[in-house]
Amino acid sequence: EAGVTQFPSHSVIEKGQTVTLRCDPISGHDNLYWYRRVMGKEIKFLLHFVKESKQDESGMPNNRFLAERTGGTYSTLKVQPAELEDSGVYFCASSQDRQGGYGYTFGSGTRLTVV
Amino acid sequence: AQSVTQLGSHVSVSEGALVLLRCNYSSSVPPYLFWYVQYPNQGLQLLLKYTTGATLVKGINGFEAEFKKSETSFHLTKPSAHMSDAAEYFCAVIPGYSSASKIIFGSGTRLSIRP
């Protein structure tokens, strides 16, 4: 089966611009997660979708970040306007079950650099 | 609150030597435990997981980990290191018996292999 696909793989934007990251989960996986790793720090949870609904968005840093999952398939994460501290690697993951017992399958990540 | 502690941000071993990466967790209920690996310029790949049953779990590439509830540990081992094992390793936990869980990562351990 195809894995979790993320694009772009890299993005370099200027402070104040807008960037949209996309994630295509494994087909049939209702649960989709966004995580990010800021340079040298831990991988942190951002939010969790079950189908098209936001189950948990407690990790979203502020209202400059907007995640959507229209139709319960792919998801986008928009950062507007981007700030320097938003630089990092953004990972998307999907899973079959809500409890996570099957493990998550992660994408390769999008490396975002804000200059 | 649940947390994951990985001892040693950087571990270096000789090729052929034992690999031991340490992970301790805190959780009020039996958790699901995972080890992920990130090779250079790639995404997070699941190495192994513990959910229930046998406490010694075997993963890919010859790695294994043992869940020790009394020690709240889930250390990762491999009897003989290969050069290809050089990567960053993440221990992660999902609190058990939760209806909707997010994975919590440790800060990662970078493994280097000396020729």
Just to be sure before I move on: is A:Ser58 in a loop (DSSP other than H, G, I, E, B), touching a Ser or Thr at 6+ places or on another chain (Cβ under 9 Å) and farther than 20 Å from A:Leu112 by Cα in the structure I sent? no
So is A:Phe7 among the aromatic types (Phe, Trp, Tyr) and open to solvent by less than 20 Å² (accessible area, probe 1.4 Å) or not? no
Is it the case, given these coordinates, that A:Gly3 is in contact with a Ser or Thr (Cβ under 7 Å, 6 or more places away or on another chain), within 11 Å of another protein chain (Cβ to nearest Cβ) and in a loop (DSSP other than H, G, I, E, B)? yes
So which residues in the stretch B:52-108 are in contact with a Phe, Trp or Tyr (Cβ under 9 Å, 6 or more places away or on another chain), at pLDDT 90 or above, in a strand (DSSP E or B) and open to solvent by 10 Å² or more (accessible area, probe 1.4 Å), if there are any at all? B:Leu56, B:Val57, B:Glu66, B:Phe67, B:Lys68, B:Thr77, B:Lys78, B:Glu88
Selection from the stretch A:65-98 of residues at pLDDT 95 or above, under 14 Å from the mean Cα position of the chain (by Cα) and not in a strand (DSSP E or B) yields A:Arg69, A:Tyr74, A:Asp86, A:Ser87
Of those in the stretch A:30-47 that are buried (at least 21 other Cβ atoms within 10 Å of the Cβ) and over 22 Å from A:Glu85 (Cα atoms), the residue farthest from the other protein chains (Cβ to nearest Cβ) is A:Leu32
Within the stretch A:68-98, considering residues that are away from chain B (no Cβ under 14 Å) and under 19 Å from A:Ile43 (Cβ atoms), the one surrounded by the fewest Cβ atoms within 10 Å (Cβ to Cβ): A:Glu85
Yes or no: the stretch B:21-29 includes at least one residue that is buried (at least 19 other Cβ atoms within 10 Å of the Cβ), within 13 Å of chain A (Cβ to nearest Cβ), under 20 Å from B:Glu66 (Cα atoms) and among the β-branched types (Val, Ile, Thr). no
Boolean, A:Val50 is in contact (Cβ under 8 Å) with a residue 40 or more places away in the chain, out of contact with any helix residue (DSSP H, G or I) (no Cβ under 6 Å at 6 or more places or on another chain) and either under 19 Å from A:Val115 (Cβ atoms) or open to solvent by 70 Å² or more (accessible area, probe 1.4 Å) (or both): no
Scan the stretch A:99-115 for residues that are open to solvent by 20 Å² or more (accessible area, probe 1.4 Å) and either outside any strand (DSSP E or B) or more than 10 Å from chain B (Cβ to nearest Cβ) (or both) and jot them down. A:Gln99, A:Tyr102, A:Ser108, A:Thr113, A:Val115
Failed item in (1) within 24 Å of A:Lys41 (Cβ to Cβ); (2) within 14 Å of another protein chain (Cβ to nearest Cβ); (3) touching a residue at least 24 places away in the same chain (Cβ under 8 Å), with B:Gly43 passing the rest: (3)
With the structure loaded, tell me whether B:Val11 is surrounded by fewer than 19 Cβ atoms within 10 Å (Cβ to Cβ), among the aliphatic types (A, V, I, L, M), within 13 Å of chain A (Cβ to nearest Cβ) and more than 12 Å from the chain's Cα centre (by Cα) or whether it fails that test. no
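The values are calculated or read from the model by the stated rules, or taken from the named source; none is laboratory data. Just so it is clear, the structure is predicted and the values come from calculations on it, not from any experiment. Backbone-built Cβ (ideal geometry, glycine too); neighbour counts: all protein chains shown. Heavy atoms of the whole protein, side chains included, go into the accessibility calculation; ligands, DNA and RNA do not. Shrake-Rupley method; radii C 1.70, N 1.55, O 1.52, S 1.80 Å.
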